[in-house]
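Peer 1: What follows is a structure written as structure tokens; I'll ask about it next.
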Amino acid sequence: MPRMKAVIARALGGPEVLQVTEVECPEPGPDDVLVRIHAAGICYHDVLSRAGKIPGTPGRILGHEIAGEIAACGANVAPARLGERVVIYQRLFCGTCRYCLGGRQDLCRNSRVLGEQGGGGYAELACVPARNAIRVPDGLDLTAAALAVCPVGTSVRAALGVAGTAPGQTVLITGAGGGLGLHQIQVAKSVQARVIAVTGSADKAATVREAGADEVIVAPDLKFSSEVWRLTGKQGADVVLENVVTGTFGESLRSCAQLATVVVLGNIGGRPVEIDPGLVIMRRIRIAGSGNATFNDVHMALHLLVTRAVKPYIGGVLPFPRAAEGHALMEQRAVTGRIVLQGW
Ligand SMILES: [Zn+2]
Ligand SMILES: [Zn+2]
């Protein structure tokens, strides 16, 4: 049986539980493809999963932000796909429930994220259903493509999918200097919206502006609504992308225009927040959750990347055996943008 290199989380715990090892090569079933992994992003989801803060079992190969080339096709897969450059849609899904059939594979109840179920990205090869392998357009390198499903796709879902941001609208983004925020700024600008970005730290202001924000509010005290009010001529923001929530949600609601949509993405504090129902009612504010990208979002993300409308923020590239170091950097929030694993 051929073997491959992989990084497994041998236990639940700190970054040191990540270990380079050799495992059996996965064998593609009739509807599967085997993907030779070129690059895999490290997601905060992986960090939580490794630490046991979301369900998982030891011995798994983590990672769901995968780009590579098809190295083998199952019997039912068109042999022409051999060698195709692909990103992998990060959820395994049933394909028959009402959500899957409605194009919302992200909501399939019988689905799991790759790396929680099935082989993940921190390995030489991954075996996935052929339908999960999405062709990468020519002219987009695979390292950048690894960001399509998660940071960019998630930003597309929130800004264009859930909020339906339209040209000329004002989009307020909290935690704008983070990995999601920097991509959300660009996605919002891609449809000609005006972006007001909020960051807690002055040293991130230049990066946020460089990502395309029209206005940057540095608010270490998390007070920003009066400045939003001033910048919008007392109109408020039409869309709020809330990456923080804890300590900012009240200010986000106070920053809203009438009929605004507040998209909840952050759960920094992991505990309930208060809302002022009077304000929500008076301004007819919609509060909406947002999560994984849909297939369509991933296609849009790839298009935005290949047309350079969105520049991928890659904070560092590390070889796979240094995955533990990558996790530690994520936990210390010591990098701006994704850390991508590439090469052995
Ligand atoms: Zn991710
Ligand atoms: Zn389903």
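The values are calculated or read from the model by the stated rules, or taken from the named source; none is laboratory data. No experiment lies behind these values; they were computed from the predicted model shown. All Cβ positions, glycine included, derive from the backbone under ideal geometry; neighbour counts span all protein chains shown. Only protein heavy atoms, including side chains, enter the accessible area calculation; ligands, DNA and RNA are left aside. Shrake-Rupley method; radii C 1.70, N 1.55, O 1.52, S 1.80 Å.
Peer 1: If you line up the Cα atoms of region 134-174 on their principal axes, what length do they span on each, largest first, in Å?
Peer 2: 32, 20, 14
Peer 1: Can you give the Rg/Rh ratio of region 149-237, where Rg is from the C-alpha atoms and Rh is the Kirkwood radius?
Peer 2: On the way: Rg = 12.1 Å, Rh = 12.8 Å.
Here the Rg-to-Rh quotient is 0.95.
Peer 1: Would you mind counting up the charge near residue 91? Only other residues with Cβ under 15 Å from its Cβ, with Lys and Arg at +1 and Asp and Glu at -1.
Peer 2: Details: positive: 104, 109, 112, 131, 157; negative: 46, 65, 106, 116, 297.
My count for the surroundings of residue 91 gives 0.
Peer 1: Where nothing but the Cβ of Lys and Arg (+1) and of Asp and Glu (-1) is charged, how large is the charge dipole of region 23-168 around its Cα centre, in debye to the nearest 20?
Peer 2: Working: 14 positive and 13 negative charges, 121 e Å.
So the dipole magnitude of region 23-168 works out to roughly 580 debye.
Peer 1: Based on the Cβ-Cβ distance of residue 280 and residue 16, what FRET efficiency does E = 1/(1 + (r/R0)^6) give at R0 = 41 Å, to the nearest 0.05? Write out the running numbers ahead of the final one.
Peer 2: Details: r = 45 Å, r/R0 = 1.10.
It comes to 0.35.
Peer 1: Follow-up question, since we're still on this one. How are the C-alpha pair distances of region 15-84 spread across 10 Å bins, as whole percents from the shortest bin up?
Peer 2: Result returned by the calculation: 17, 39, 31, 12, 0.
Peer 1: Residue 209 versus residue 80, label points 7 Å from Cα toward the beta carbon: distance in nm?
Peer 2: Going by the 7 Å Cα→Cβ label model, 5.1 nm.
Peer 1: Could you work out the helix-only [θ] at 222 nm for the chain, with each DSSP H run of four or more residues adding -39,500 (n - 2.57) and the total divided by the number of residues, to the nearest 500 deg cm²/dmol? Could you put the intermediate results ahead of the total?
Peer 2: On the way: 11 runs with 77 residues, N = 344.
Helices in the chain give a 222 nm mean residue ellipticity of -5500 deg cm²/dmol.
Peer 1: If you roll a 1.4 Å probe over region 39-103 with all protein chains in place, what percent of the accessible area is carbon or sulfur? If you can, show how the numbers build up before the last one.
Peer 2: Numbers: 1530 of 2660 Å².
Carbon-and-sulfur percentage of accessible area, whole number: 58.
Peer 1: Quick one: angle between helix 179-190 and the longest Cα principal axis of the chain, in degrees between 0 and 90, rounded to 10, please.
Peer 2: 70
Peer 1: Mind checking the full-extension length gain between residue 44 and residue 325? Use 0.36 nm per residue of separation minus the Cα-Cα distance, one decimal, nm. Don't skip to the end; give the middle numbers.
Peer 2: On the way: separation 281, 0.36 × 281 = 101.16 nm, distance 1.36 nm.
Stretched fully, the residue 44-residue 325 segment lengthens by 99.8 nm.
Peer 1: Within 12 Å, Cβ to Cβ, of residue 314, how many net charges do the neighbouring residues add up to if Lys/Arg are +1 and Asp/Glu are -1? Don't skip to the end; give the middle numbers.
Peer 2: Details: positive: 311, 338; negative: 65, 141.
Result for the neighbourhood of residue 314: 0.
Peer 1: Once the Cβ-Cβ distance between residue 110 and residue 296 is put in as r, and R0 is 35 Å, what FRET efficiency do you end up with, to the nearest 0.05?
Peer 2: On the way: r = 20 Å, r/R0 = 0.58.
Using R0 = 35 Å, I get an efficiency of 0.95.
Peer 1: Among the lysines in the chain, how many pairs, 8 or more places apart or on different chains, have alpha carbons under 23 Å apart? It would help to have the intermediate numbers written out before the result.
Peer 2: Details: 189/204; 189/234; 189/311; 204/223; 204/311; 223/234.
Step by step, the pairs that qualify in the chain add up to 6.
Peer 1: Something else now. Beyond 39 Å, what percent of the Cα pairs of the chain remain? Don't skip to the answer; put the middle values down first.
Peer 2: Details: 8478 of 58996 pairs.
Pairs farther apart than 39 Å: 14 percent.
Peer 1: For region 1-61, what is the accessible area per residue in Å², given a 1.4 Å probe and the full set of protein chains? Please list the in-between numbers first.
Peer 2: Working: 2920 Å² over 61 residues.
Roughly 48 Å² per residue, with all protein chains present.
Peer 1: How big is Rg to Rh over region 232-297, alpha-carbon atoms, Rh as the Kirkwood inverse-mean-distance radius?
Peer 2: Values: Rg = 12.4 Å, Rh = 12.5 Å.
My calculation of the ratio gives 1.00.
Peer 1: With all pairs of different alpha carbon atoms counted, what Kirkwood hydrodynamic radius in Å does region 1-138 show?
Peer 2: Numbers: mean 1/r = 0.0653 Å⁻¹.
By the Kirkwood definition, the hydrodynamic radius is 15.3 Å.
Peer 1: Further question: Would you mind checking which residues have amide H under 5 Å from residue 60's amide H? H placed 1.01 Å from N; only 5 or more apart, or other chain.
Peer 2: The answer is 9.
Peer 1: What number comes out for the charge environment of residue 10, summing +1 per Lys or Arg and -1 per Asp or Glu over other residues with Cβ under 12 Å away?
Peer 2: On the way: positive: 50, 60; negative: 16.
Counting the neighbours of residue 10, the net charge comes to +1.
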